[in-house]
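Take a look at the structure set out below.
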Amino acid sequence: MAVRSRFAGGGAQGFSLLEVLLALAITLVVMALVAQTMGHVARIYETQSDLAVSSSAAALALDDITYELSLVGQGLGEGPSAVVPRSAGSEVTREALTLRSNPDVTASPLRTELEAGEDVGIDPSAGFDKGAHVLLTNWMGGGEGAVVVRSAGSSVALSPLVESEAGFRGSYSPNLGARVLGLREVRYFLGEPRADGRRDLVKDVVGVGPRVLTRDVLSLGFEYRDSEREPISLTQVEFTRDLASVRVMLRFLPGDGALAARQLATTIALEPRSGNVDFERQDLGFRLSRVFYPIDNPAGVASRIGSRFALILASGKTPSQDPAYLYTFEMEKRFLSASVDDAIFLEDVRAPVSLTFGPEGGPLAGSLFVAAWGLRIGHLSRIAPDQAGGLSRESEVTTFEGTEAIAQAGGIAFGADDALYVASQERGAIFRFRFGPKGQKEKPGNPERLFRLTGTPGALVEGTDGHLYFLMNHGERGSLWKMAFDETLSPQEPVRVSALPGLAVSLARDPVSGDLFALVRDPTADFVALELGRGFLKGRAEPRPLFSLRQWREGLLDVKTDPRDLPFAIQGVPALPSLEIEELDFLSFDSFGSLYMGCRKASLVLKFELDRPSGRYVVGLAAGVVERGEGLSPSIRMHAWKKRIF
Amino acid sequence: MEKKNLLSREEGAALVTVLVAIIVLLPPTILLASLALRWQRQSIDFRDRIAQELAAEGVFEQARARLSGSGIDLAPNEGTTFVPRDIDGLDSGVRVSRAEDVVLALDGRLLEGLAATSVDLNATGTDAEGRVVYQFRKVEIYLVEIDVSRRASLPPVKLYGVLAKLPDGSLQTLGLTRRR
């Protein structure tokens, strides 16, 4: 009211000195506060600007590395090292990376041996110009940078990219499958640290020059991983073919006033850059190497790991009356080997149907267990190793008390807990026999019925994962089942893995690949051997048919017109068995990876060597796309090379 | 209504004060805003570019699946296009073309054109261990061109893939080229 009265009065009364001073003081205080706030805002602005610029630069640098990694190896094909964890001429380090590619897909084999500075013959269409950077490689892989110092169409002269008095580090000649490839090399590395500890991240494209991507880097790290995401040692990165991804981590300090470092990280999966074409014909995958004949009612083949001998379990001519026997033979005949095939008769064993060796490393190691068929009661027998550790006529044979569990046994196998498991067809169940610590001297405990099954269980084997797998039939429909063991080695309720295309007959594990093989009778009454790979066991792939009895028989008649060409069985047996067999009863592997299939009706066992891919006749093929200008369709360039040279 | 009683020289003082405040505060505000917008734009571009690249890879897998099945059946020098399955907010074009078949020789030579047609593809040999080895293998070559774009202000991502169909019908990726 007082102020208004003064204004109202026309200002005649004025302000007192005190009032003016007070107003001035308040104004100064307010101005000081405003100035201070403005100072804060300015500092925040400056800091945020630095942060934004630095973060953007760091993100863009990371993006640049990601992009270059997505191109790595393009046009090079398999063999040359495309990802090299070091800079030129330095030791391997986590802080540097060299990436190689061949974006123009120029390549040629070397026609003559390479000497530094001398002309070497190449494919005239390759088109290497003077000054071009190239990569030299040979069948051993790796790679060495070089530069074209002279080019004359069908020949070029090369000089090492990294100058050295000794010339090229490697040897490059046509005999070694040497190739010369176009090269784009990109290097990432950190510059020397400045006073504040920050470093420049530099990208150096060879032939173009270096440029700084970002300046505030504290550390840069590259980690290399395989397809299982397991880390790969830095020294192995250049040489491994398992490199599947690269993880990049970038720590930086954004701006001068930054309080804390920031980190950006990303993982880049590497793309496939080439293909392989195998020239081996795989459709004749099973080579017959021996015929065992006559073997009365063969039931299976087994061999102990480390032994040179395998054995065939056979019944007599009349299984329920004649004693069973083990036909032993050397798996791989050696030069000057004097060993002869032998037969060990098992006087107390009748009608054997399945066999397995005791688990290695335990008290039952070396013992062979045989399950014998019975309509209601079956028997389990143990053939203990002799004093020399093998099975012979001196081996002690013990037949345990008959039990319903063994009646019509589909298969027997030892589990991860060293107990013997029996798949009983008669009882439709899985039984377990436990053995005490005394091993050979002790009979097993009473069988325990673990799981009841609806269906007819068959052959039982231990997979490489330590779980038991067995066959099951429901009428004519077969399937594979799995009985897993938990951490305490307790067996778990069996679960169905997948269906098989027909009646399941036999099951075995290939000791070389670790894959399971099943023998099935398909709906056309053909007997087919199927490879049950890891994809099948995980329910993601179909079983792979590898062998058809019908096709094999037809092929055999085509190829072997003279039956004397066929290898045959036991010395002194003059008659050649007929291979016109219609059915097969079992499939087994020996410890060398040879496959055996037996036919009870024909009294023979066939031994096959599996055509495992040798990798000797593989040709590599790489391709890339080159754009030829706006509006023109891109063209494919490709090159091929023999992957192994002999 | 209450009558305003102001000195004549004090009229408009508030306006001046506001103007001064605006003049002083506007530049830093504009700078900060532009910085924030630029940063945001970069982030969005970065995100969109990643989305484009991932979409291009997905479309490539679709093309590969069609080639490995019976979805695309082409003769040499023929091409076709197809509409990829739903990729939200992205425009994409796919062209699959089959190039001239090539023939690989056992010694690692690549035969193209006339040289490729004059060899006996059934010629085989047998090595010392009885392995049957082909002398030549024919390979079908397919080029997959993928163009994915999100908006006009962002350059499209181009992905070229070269696929080989081997004699056993399996497909192998021989190379991938990206263009930003």
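Any read-out appearing in this document is the output of simple, stated calculations on the displayed coordinates, not a laboratory observation. Keep in mind that this is a model prediction, so the values were computed, not measured. Glycine gets a Cβ as well: all are built from the backbone with ideal geometry, and neighbour counts include every protein chain shown.
For a test of the definition: using alpha carbon positions, the gyration tensor, and the 1.5 limit on a/c, classify the range A:103-182 as rounded, prolate or oblate. Each step should come with its number before you reach the end.
Numbers: a/c = 1.33, a/b = 1.13, b/c = 1.18.
Rounded, because the longest to shortest axis ratio a/c is under 1.5.
Amide H neighbours of residue B:102 under 5 Å, at least 5 residues apart or on other chains, H built in the peptide plane: list them.
Placed amide hydrogens put B:139, B:141 under 5 Å from residue B:102.
Helix A:17-71 versus the longest principal axis of chain A: what is the Cα-based angle in degrees, 0 to 90, to the nearest 10?
That helix lies at roughly 40 degrees to the long axis.
Quick one: helix B:13-68 against the long Cα principal axis of chain B, what's the angle to the nearest 10°, folded into 0 to 90?
Taking the Cα atoms of chain B, the angle to B:13-68 is about 10 degrees.
Once phi is turned into ³J(HN,Hα) by the Karplus curve 6.51 cos²θ - 1.76 cosθ + 1.60 with θ = phi - 60°, what whole-Hz value does each residue of the range B:141-156 show in order, with x for glycine and proline?
So the Karplus estimates, Gly and Pro as x, are 10, 10, 10, 10, 10, 10, 10, 10, 10, 10, 8, 5, 6, 10, x, x Hz.
Remind me, relative contact order of chain A in percent, using alpha carbon pairs under 8 angstrom and six or more residues apart? The partial results should precede the final answer.
Working: 1524 pairs, mean separation 70.9, N = 646.
That works out to 11 percent.
Can you list residues from other chains, or at least 5 along the same chain, whose modelled amide H is less than 5 Å from the amide H of residue A:515?
So residue A:515 has HN proximity to A:510.
When chain B is modelled as a GNM with alpha-carbon springs shorter than 10 Å, which of B:166, B:35, B:26 fluctuates the most?
For chain B, modelled as a Gaussian network with Cα springs under 10 Å, the answer is B:26.
Using the Karplus curve 6.51 cos²θ - 1.76 cosθ + 1.60 with θ = phi - 60°, work out ³J(HN,Hα) for each residue of the range A:313-322 in order, rounded to whole Hz, and write x for Gly and Pro.
8, 9, 8, x, 4, 10, x, 7, 10, 7
If each DSSP helix of 4+ residues adds -39,500 (n - 2.57) and the sum is divided by the residues in the protein assembly as shown, what number results at 222 nm, nearest 500 deg cm²/dmol?
Values: 6 runs with 137 residues, N = 826.
Computed mean residue ellipticity for the protein assembly as shown: -6000 deg cm²/dmol.
In a Gaussian network model over chain B where Cα atoms closer than 10 Å are linked, find which of B:62, B:42, B:52 has the largest mean-square fluctuation.
Its mean-square fluctuation being the largest, the pick is B:42.
Once amide H atoms are built 1.01 Å from N in the peptide plane, which residues 5 or more positions from residue A:322, or in another chain, come under 5 Å H to H?
Those lying under 5 Å, H to H, from residue A:322 are A:316.
Can you give the charge dipole size of chain B about its Cα centre, rounded to the nearest 20 debye, using +1 on the beta carbon of Lys and Arg and -1 on the beta carbon of Asp and Glu?
Taking the Cα centre of chain B as origin, the dipole is about 900 debye.
Only Cα pairs under 8 Å and at least 6 apart count here; give the relative contact order of the range A:103-182 as a rounded whole percent. Numbers along the way, then the final one.
On the way: 195 pairs, mean separation 32.0, N = 80.
That works out to 40 percent.
Angle, helix A:549-559 long axis vs. longest principal axis of chain A, Cα atoms, 0 to 90°, nearest 10?
For helix A:549-559, the angle is close to 80 degrees.
Using the 2.2 N^0.38 Å rule of thumb for compact globular proteins, work out how the range A:431-531 stacks up: its C-alpha Rg over that value, please.
Scaled against compact globular proteins, the figure is 1.21.
Taking the Cα centre of each part, how many Å lie between the range B:19-84 and the range A:191-248?
Comparing the Cα centres of the range B:19-84 and the range A:191-248, I get a distance of 26 Å.
When N is the residue count of the protein assembly as shown, what does its C-alpha Rg come to as a fraction of 2.2 N^0.38 Å?
Working it through for the protein assembly as shown, the quotient is 1.38.
Express in % the proportion of alpha carbon pairs of the range B:1-159 at distances exceeding 22 Å. Write out the running numbers ahead of the final one.
Numbers: 8674 of 12561 pairs.
Tail of P(r) above 22 Å: 69 percent of Cα pairs.
Treating only the Cβ atoms of Lys and Arg (+1) and Asp and Glu (-1) as charged, compute the dipole magnitude of the range A:81-163 about its Cα centre; round to the nearest 20 debye. Write down the numbers at each step before the final one.
Details: 6 positive and 11 negative charges, 47 e Å.
So the magnitude is around 220 debye.
Rounded to whole Hz and in sequence order, give me ³J(HN,Hα) for the range A:260-276 from the Karplus expression 6.51 cos²θ - 1.76 cosθ + 1.60, θ = phi - 60°, writing x for Gly and Pro.
My calculation for the range A:260-276 gives 9, 6, 10, 9, 10, 8, 8, 10, 10, 7, 8, 8, x, 10, 6, x, 10 Hz in order.
Rounded to the nearest 5, what % of the DSSP beta bridges within the protein assembly as shown are antiparallel ones? Before the final figure, lay out the partial values.
Values: 197 of 198 bridges.
So the antiparallel bridges in the protein assembly as shown amount to around 100 percent.
A 32 angstrom limit on the alpha carbon distance is what I want to check against. Which of A:538/B:165; A:130/A:203; A:607/B:165; A:317/A:482; A:482/B:165; A:538/A:642 exceed it? If you can, show how the numbers build up before the last one.
Working: A:538/B:165 27 Å; A:130/A:203 24 Å; A:607/B:165 35 Å; A:317/A:482 35 Å; A:482/B:165 36 Å; A:538/A:642 35 Å.
Over 32 Å apart, Cα to Cα: A:607/B:165; A:317/A:482; A:482/B:165; A:538/A:642.
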